[in-house]
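Structure first, then comments.
The values are calculated or read from the model by the stated rules, or taken from the named source; none is laboratory data. Not measured: the values here are computed from a predicted model. Here Cβ is always computed from backbone atoms with ideal geometry, including for glycine, and neighbour counts include all displayed protein chains. Please note that ligands, DNA and RNA were not included when accessible areas were found on the heavy atoms of the full protein model with its side chains. Shrake-Rupley method; radii C 1.70, N 1.55, O 1.52, S 1.80 Å.
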Amino acid sequence: MIFNQTEEQERKYLQWIITLIENTINNTDASVKEHVDTLQEYKDYLWSNKDIDPHEIRSMRESILNHFAIGESVIDKRKRLGKLLDIPYFGRIDFKERKSEGNTIPVYIGIHTFYDFGRKVNLIYDWRAPISGMFYDYELGEASYNSPTGEVEGDVLLKRQYRIRKGKMEFMIESSLTVYDDILQKELSSNSDDKMKNIVATIQREQNRIIRNEDAHVLIIQRVAGSGKASIALHSIAYLLYAFKGSILSKDILIISPNKVFADYISNVLPELGEETVPEKSMEHILSDTLDNKYKYQNFFEQVTELLEKPDLQFANRIQYKASFDFIAQLDRFILYIENNYFKATDVQLTRYVTVPAEFIDEQFRRFNRYPMRKRFETMADYIVELTEVKYNFEVTTAERNMLKKEIKKMFAGNDDLQVYKDFFAWIGKPEMYKMRKNRTIEHADLAPLAYLHIALEGSNTNHAVKHLLIDEMQDYSPIQYKVIQKLYACRKTILGDANQSVNPYGSSNADTIRKSFVRGEIMSLNKSYRSTFEITDFAQKIKKNNELQPVARHGEKPCIMKCENKEDEISNILNLIYKYNKSKLKSLGIICKTESKAEEIAQELGKILEDVYFLSNQSSAFIKGIVVTSVHMAKGLEFDELIVPEVSADNYQNEMDKGLLYIAVTRAMHMLTLTYCGKPSKFIPL
């Protein structure tokens with residue numbers, strides 16, 4: 001017999017579960033108060049008894065720490081239970097184990113586990129639990145999951161999906177298929193929010209495979225626009241924190257994020273899943289830190305802006321060359337050349353009576369070749385001093401030792417990173433490939449190669465504190481940047497992005513080049529696009545075809561292409577669209593321009609009439625819900641219920657780089673898309 005067979009029975013069961021959770025919360029609150037009161041008692045006792053025995057003080061300190069730790073654990077439990085009150089669970093499977101003669105087990109699945117200590121039974125299973133994986137991976141019939149004791153085989157006899165909000169069941173669906181149509185369509189049709197949300201109720205089979213992948217040391221996820229790759233990556237982190245509880249904490253994970261806005265946009269997902277947010281850094285900060293923050297540098301945003309606003313073929317050529325594997329091979333050959341040619345030993349007068357011959361010093365430089373070149377000087381000096389003291393039976397002074405080290409260092413011509421880097425281009429016969437900017441600012445494409453050389457000469461302090469590295473927007477990083485990351489982080493890595501969404505085609509990477517950069521790596525694909533309606537996805541495909549993309553059949557209005565008489569008319573039309581949006585139930589409107597300067601210009605024009613228009617720049621640090629005006633570069637990874645792409649004229653979007661930017665822009669739209677232009681439309685617009 002099916003447990004809770006009817007919808008009415010399910011609704012009663014839900015209320016029973018909520019009551020049970022509320023009672024548990026009340027007991028937990030009482031437990032928290034008890035620990036707080038006990039800690040206060042200890043504090044009062046210590047304060048009022050100044051002459052107590054040191055052993056008693058030590059014992060009380062241990063008790064205080066113990067109570068504090070238990071109290072923190074109880075508070076964490078209270079937070080998890082609080083989240084379950086709103087949505088206790090979203091799915092259910094009934095599983096019958098083949099080898100067991102017991103009853104069929106109803107497995108209710110939610111964000112967190114809820115264990116009833118009174119009945120000694122699990123009432124809700126965490127979505128990350130091994131048994132819960134069957135909800136995502138199997139239809140009715142044969143199924144299995146990996147338990148701590150091995151593979152468990154059986155049959156899924158029932159599958160249900162629920163939409164529960166604020167403790168109320170809105171509907172229940174009997175599902176014989178993998179989580180997909182009804183619940184997924186309803187979720188996709190809903191409006192966006194100011195932060196990315198968790199998707200545990202609608203994880204698809206191919207997404208689940210990626211989330212639960214524990215084997216790949218380097219997992220490269222090639223995805224299509226709107227496939228939910230950032231969300232999947234965050235759910236993968238939540239899964240790792242669950243699967244390796246105790247050995248990996250949130251602070252042990254690092255996200256290399258494209259900008260502060262995107263980091264803020266995704267900041268809600270892990271807390272929703274009951275995990276702490278993880279640290280994030282930009283690639284530039286990591287590279288600059290490696291170089292001890294010695295150099296001013298052009299950031300990635302500035303590089304892309306220059307390519308768009310001041311096109312220069314030589315600049316593009318420099319970027320393209322430094323994103324090639326030939327460039328890395330040349331650097332490696334040059335590092336070997338430095339090893340063999342940059343150290344020129346000379347005689348050193350160590351004391352009044354002892355001279356260390358050049359040949360002997362050179363021999364020590366070669367002897368300690370397991371050390372990075374610049375790390376050998378001190379070891380060489382110590383070794384030479386030790387041999388000298390043994391041979392001549394006298395003690396070398398500290399001043400003489402330091403003088404020897406200083407003299408040895410002067411024999412090496414590679415002590416200045418920037419000079420060595422300049423030497424490299426002269427050595428390969430391409431001095432034009434290096435250009436220093438005003439105020440001694442190095443180009444963005446030079447930051448990673450400079451760090452690569454620095455590591456070769458100085459060595460790297462591999463960051464063992466980071467146990468998992470997540471790199472988003474993988475296509476925007478070059479092979480040399482990945483080579484540096486490989487040297488800095490020995491941990492597992494998840495790298496994800498879409499080669500079709502590069503804002504700089506001269507320095508981008510795809511899944512194959514990234515795998516080549518790391519020597520080994522597993523590539524997995526996310527080809528289904530969930531974000532946009534079929535009509536918007538089809539429109540984007542006509543701009544830039546991606547044969548791998550599989551749109552979800554969610555229909556809506558066709559994109560609107562609006563011809564305007566002039567710039568004033570274009571602003572007027574955009575204002576009319578905003579007025580309509582304000583009367584709708586949509587929650588977010590994006591206005592995405594090709595460049596930041598254009599976005600700022602339009603934001604100022606709109607701001608003269610409207611108050612709730614927000615300009616999102618490369619200096620912004622938070623994503624604000626509402627009407628957002630920004631550039632394509634800053635819009636990557638974001639999504640909007642309604643989207644306007646202004647100035648899609650032949651003059652503004654004309655080359656291949658522009659085509660890629662236009663594709664990125666239109667794929668930010670979820671439900672409605674409008675493109676406006678004056679004069680002739682861009683050749684990339686499918687009319």
Checklist outcome for this item: hull vol. (C-alpha, convex hull) per residue for segment 357-511, Å³ -> 174
Next on the checklist: From the C-alpha coordinates alone, can you work out the Kirkwood hydrodynamic radius of the chain, in Å?
Outcome noted: 29.4
Checklist entry - Residues of segment 80-149: accessible area per residue at 1.4 Å, in Å²? => result 48
Item to check | Relative contact order [Cα under 8 Å, 6+ residues apart], the chain, whole percent | outcome: 13
Next on the checklist: Can you tell me how segment 522-640 classifies by the Cα gyration tensor, rounded, prolate or oblate, using a/c under 1.5 as the rounded cut?
Outcome noted: prolate
Checklist outcome for this item: Put LYS585, LYS296 in order of accessible area, largest first, probe 1.4 Å, and you get LYS585, LYS296
Next on the checklist: Positive end of the dipole of the chain, charges at C-beta (+1 Lys, Arg; -1 Asp, Glu), about the Cα centre: which of TYR108, ALA143, SER257 has its Cα farthest in that direction?
Outcome noted: SER257
Checklist entry - Which whole-Hz ³J(HN,Hα) couplings does segment 550-560 yield from phi under the Karplus relation 6.51 cos²θ - 1.76 cosθ + 1.60, θ = phi - 60°, glycine and proline marked x? => result 10, x, 7, 7, 10, 9, x, 6, 6, x, 9
Checklist entry - What figure in square angstrom, to the nearest 10, would you give for the accessible area of MET672 with a 1.4 Å probe? => result 60
Checklist outcome for this item: Non-local residues with an amide H under 5 Å from the amide H of ARG492, with H modelled 1.01 Å from N and Pro and chain starts lacking one, are LEU469
Checklist outcome for this item: Rounded to whole Å², per residue accessible area for segment 574-687 with a 1.4 Å probe reads 39
Checklist entry - Carbon and sulfur together cover what percent of the accessible area of the chain at a 1.4 Å probe radius? => result 49
Item to check | Accessible area of TRP16 in the full protein assembly, 1.4 Å probe (Å², nearest 10) | outcome: 90
Item to check | Computed label-point distance, nm, for sites GLU568 and LYS438 using a 7 Å Cα→Cβ extension | outcome: 3.5
Checklist entry - So what's the net charge close to MET403: Lys and Arg +1, Asp and Glu -1, counting the other residues with Cβ under 14 Å from its Cβ? => result +1
Item to check | Percent RCO, i.e. relative contact order, over segment 626-687, from Cα pairs under 8 Å lying at least 6 residues apart | outcome: 46
Next on the checklist: Quick check on segment 89-154: what does the Kirkwood estimate of hydrodynamic radius come out to from the alpha carbon pairs, in Å?
Outcome noted: 12.4
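Tally Lys/Arg at +1 and Asp/Glu at -1 over every other residue whose Cβ is under 11 Å from the Cβ of MET433; what's the total?
So the surrounding residues net to +2.
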Item to check | Computed label-point distance, nm, for sites GLN419 and GLU557 using a 7 Å Cα→Cβ extension | outcome: 6.5
Next on the checklist: At 1.4 Å probe radius, can you tell me the per residue accessible area of segment 383-520 in Å²?
Outcome noted: 44
